[in-house]
Every structure is written in C-alpha cells, then in structure tokens.
Amino acid sequence: MDKETIVDFVELARSRWSVRDYDERPVEQEKIDRILEAGRVAPTGANRQPQRIYVLQSDEALAAVRAATRMAFNAPLVLMLCAQVDEAWHNKAETVMRGITCDTYNVAEMDVSIVCDHMQLAATELGLGTLWVRGYNTQALLDAFDLPEGVVPMCLLDVGYPSKNAKPSRLHADRKPLEQTVVVL
Ligand SMILES: Cc1cc2nc3c(=O)[nH]c(=O)nc-3n(C[C@H](O)[C@H](O)[C@H](O)COP(=O)(O)O)c2cc1C
C-alpha cells in the first residue's frame, strides 16, 4: 500500500462530522447504490453477513422512523441497520469475559457497526452528510416497522446533504491524544 493512499483515507475520515440538519435535496439513487455497495463488501465474523439494511426514503417510512426517534432529524434518507442475530457468528465456548458471564458471544453488533462505518465513509466521499444514531428505543422501532422474526435494529444512519446552517458540534474537534487510547507494548 503506498503512503498516498493512507493519507487520503485519513483525510476522508477527518473530513466527516455528524450532521444534524439536512437540506431537502434528495440523495441520488446512484449514491445510495454506492453507499449500499460499500456496506456489502464490509467484513463480518466468519463472513456470515447477518446485516439487514432497510432503506427508509418514502414519506411513510420516514414518518414512521421519526415517530420512533427524534434522532432521524430531517434527513431525506435513513438507513436502518439491523441484524438477523442468529445468523451472526457466535462463540459458544466463550462464557466469561473478565468476570461478566455470557451464554454466547455474538458478533452481530460488531458486524453491523463495520457495515455502518463503511457506509458512513462512503457517503462522506460522495459529499453527503451523515449521523450515526443509537439514541432510540428498540421497541419503538420494532413497533414502527414489521421486521421479520429475529431481526433486531442495531443503529440508524441518517444521510443527506447538510443544510447551509449545519455545522460540526464542539465534540467533533475533541479527540483524545493517542497516548490516552493506545498502548504500545
Ligand atoms: C455508536 C454511535 C452512536 C451514536 N448515537 C448518536 C445519537 O443517537 N444521536 C446523536 O445525535 N449522535 C449520535 N452519535 C454521534 C456522536 O455523538 C458523534 O460521532 C461524536 O460526538 C463525535 O462527533 P463527530 O461525529 O461530529 O466527529 C453516535 C455515534 C456513534 C459512533
């Protein structure tokens, strides 16, 4: 991998910020397709691909998600990222993690997070704004959408063009220095 590629990626990652106010302009279908493709090629545990992605863009679907959470804001497109949890890789042998007992360790949420991150950065590359959302009540989403048995919402990704008033929150500039989060042994 050449150095230039790495620098470009970091610049792309730096240029992303959470958008909480969107323009009315719809997201073009080609861009939606590209975002979905970026998610499709994401790695998942044992390649199980448990993600189920609901593209919410009709008036009806957007009204339903906005009734379930304030965090969809006025995005013209919301991706509801779910997992068919029993399809995800899980480690039956791992019963205790540092004193916390688990029957199984299921990677569905990790898988969906990787998919979401791929899609968020793909949207950034396309000049779109996004917001990763977990601030919702799962039951409210289950009530709003008729999801198949075993499909659980894991996060939302609001997508759209930032409004002209949108700006990064003060948290965007606040990142811990590497010394606080990285241990080199
Ligand atoms: C897992 C996850 C969940 C989040 N949930 C919400 C949310 O429910 N509502 C919200 O306004 N922002 C949410 N965010 C956005 C974060 O608050 C934001 O990424 C963080 O403050 C850094 O700001 P920046 O994205 O502008 O750099 C979430 C981000 C992540 C990664």
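The values are calculated or read from the model by the stated rules, or taken from the named source; none is laboratory data. All figures in this text were calculated on a predicted structure; none of them were measured in a lab. Here the Cβ positions follow ideal geometry from the backbone for every residue, glycine too, while neighbour counts run over all protein chains shown. Ligands, DNA and RNA are excluded from the accessible area calculation, which covers all protein heavy atoms including side chains. Shrake-Rupley method; radii C 1.70, N 1.55, O 1.52, S 1.80 Å.
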For region 140-155, state whether one or more residues are open to solvent by less than 20 Å² (accessible area, probe 1.4 Å), in contact (Cβ under 8 Å) with a residue 60 or more places away in the chain and under 10 Å from the mean Cα position of the chain (by Cα). yes
How many residues are open to solvent by less than 40 Å² (accessible area, probe 1.4 Å) and either assigned to a loop (DSSP other than H, G, I, E, B) or modelled with pLDDT under 95 (or both) when one looks only at region 109-137? 3
Looking at Glu11, Glu60, Glu24, Glu30 in this structure, which one is touching a residue at least 12 places away in the same chain (Cβ under 8 Å) and acidic (Asp, Glu)? Glu24
Scan region 33-55 residue by residue and report those that are touching a residue at least 60 places away in the same chain (Cβ under 8 Å) and small (Gly, Ala, Ser). Ala38, Gly39, Ala42, Gly45
